[in-house]
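Read the structure below first, then the notes.
The values are calculated or read from the model by the stated rules, or taken from the named source; none is laboratory data. Model, not experiment: these values are computed from the prediction. Quick reminder, even Gly has a Cβ in these numbers, built from the backbone with ideal geometry, and neighbours come from all protein chains shown.
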Amino acid sequence: MNVLRQFSLEGKVAIVTGSSRGIGRAIAEGLAGAGAAVTVNGRDAETTQAAASAIVAAGGQSLAVAADVSNSTDVDRLIDATLERFRRLDILVNNAGISPYYKAAETMTETEWDEIMRVNLKGAFLCCHAAGRVMIPQESGRIINISSIGGTVALPRLLAYCSAKGAINQLTRVLAVEWAPHHILVNAIAPGFIETDLTKGLRENPKHLDSLIRQVPLGRLGQPGEIVGAAIYLASDAASYVTGQLLSVDGGWLAL
Ligand SMILES: NC(=O)c1ccc[n+]([C@@H]2O[C@H](COP(=O)([O-])OP(=O)(O)OC[C@H]3O[C@@H](n4cnc5c(N)ncnc54)[C@H](OP(=O)(O)O)[C@@H]3O)[C@@H](O)[C@H]2O)c1
């Protein structure tokens, strides 16, 4: 028996939110490479279409749906378009996220707090809720939430971001328990600092970059492609007895 077959996603259908760029795009390409048909998403129609077209050009199946995960009408459209095209939904990766502010807690405004919560927390809730409408009746499904090391440890100047990610960890655990009777497995991945647009500002400041790298036991930042294996694993039969877990892919940060 080929043991690697349990990692195959052949015949599965996935939605990866925020997959027009960065970690989400790498995960979408990875799931497609493992055999899944993948709906690619982002707010910008052009980059979303480009990411889906790249999957198709590489021999995979993909659909582009530009939608804002913090808007329930958009989320319903994302799910409905996927069902219309691929006829089922097996895997939801809640990856869409923002981190536009790096500032002292006392200077954060209510509007900034709400913006981060709306995308990073409410967005994941809305997508889980909408996916549940499909996964509960079919009595199967995988949900993978992209959290952060900031959901577990304090990252100063990222109060709202860390608060949202801590809540994502709890959303993962509660949903895992509530939906276990429906055979829907809910897990999270906690990346460390990864080289994407989201961390560009921090990385361009040599002082910040140096202090970040000093906190990583492996001594470097991660690449988007280094999150992919964890996502394929959690989406696959290989993880059939794993639910409610937070898998850190962080160069050892949380082990300190
Ligand atoms: N990079 C890191 O070091 C790191 C570490 C830990 C966790 N994470 C998490 O990993 C996830 C991906 O981060 P990343 O670094 O890959 O970010 P990124 O490069 O900035 O990409 C973010 C993606 O999300 C989309 N997006 C943003 N807001 C959206 C919305 N409201 N609705 C739909 N799509 C939206 C973006 O497309 P549009 O702009 O077109 O909408 C883009 O495709 C996030 O949840 C982030 O918190 C990242």
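Restricting ARG87, ARG133, ARG118 to residues that are of a type in the set (D, E, K, R), at positive phi and out of contact with any His (no Cβ under 8 Å at 6 or more places or on another chain) narrows the list to ARG87. Filtering region 161-180 to residues that are of a type in the set (Lys, Arg) and surrounded by fewer than 21 Cβ atoms within 10 Å (Cβ to Cβ) leaves only ARG173. Identification of strands (runs of 3 or more DSSP E) wholly contained in region 33-134 with 1 or more residues that are under 29 Å from LEU155 (Cα atoms) and either within 17 Å of the chain's Cα centre (by Cα) or of a type in the set (S, T, N, Q) (or both) yields 37-42, 91-94. Residues considered: ASP90, ASP68. Of these, the only one that is among the charged types (D, E, K, R) and within 12 Å of the ligand (Cβ to nearest atom) is ASP68. Would you check which residues across region 117-150 are of a type in the set (Val, Ile, Thr), within 10 Å of the ligand (Cβ to nearest atom) and surrounded by fewer than 24 Cβ atoms within 10 Å (Cβ to Cβ) and list them? Result: VAL119, ILE149. Please work out which residue is surrounded by the most Cβ atoms within 10 Å (Cβ to Cβ), limiting yourself to region 44-65 and to residues that are within 12 Å of the ligand (Cβ to nearest atom) and of a type outside the set (A, V, I, L, M). The selected residue is THR48. Close contacts from region 76-88, counting a first residue that is surrounded by fewer than 17 Cβ atoms within 10 Å (Cβ to Cβ) and a second that is at pLDDT below 95, with Cβ to Cβ under 7 Å and a gap of 6+ residues or different chains, come to none at all. You will find that of LEU158, LEU221, LEU202, LEU246, the residue that is modelled with pLDDT under 95, surrounded by 15 or more Cβ atoms within 10 Å (Cβ to Cβ) and within 13 Å of the ligand (Cβ to nearest atom) is LEU202 and no other.
Scanning region 11-32 for residues that are within 10 Å of the ligand (Cβ to nearest atom), among the charged types (D, E, K, R) and in a helix (DSSP H, G or I) returns a single hit, ARG25.
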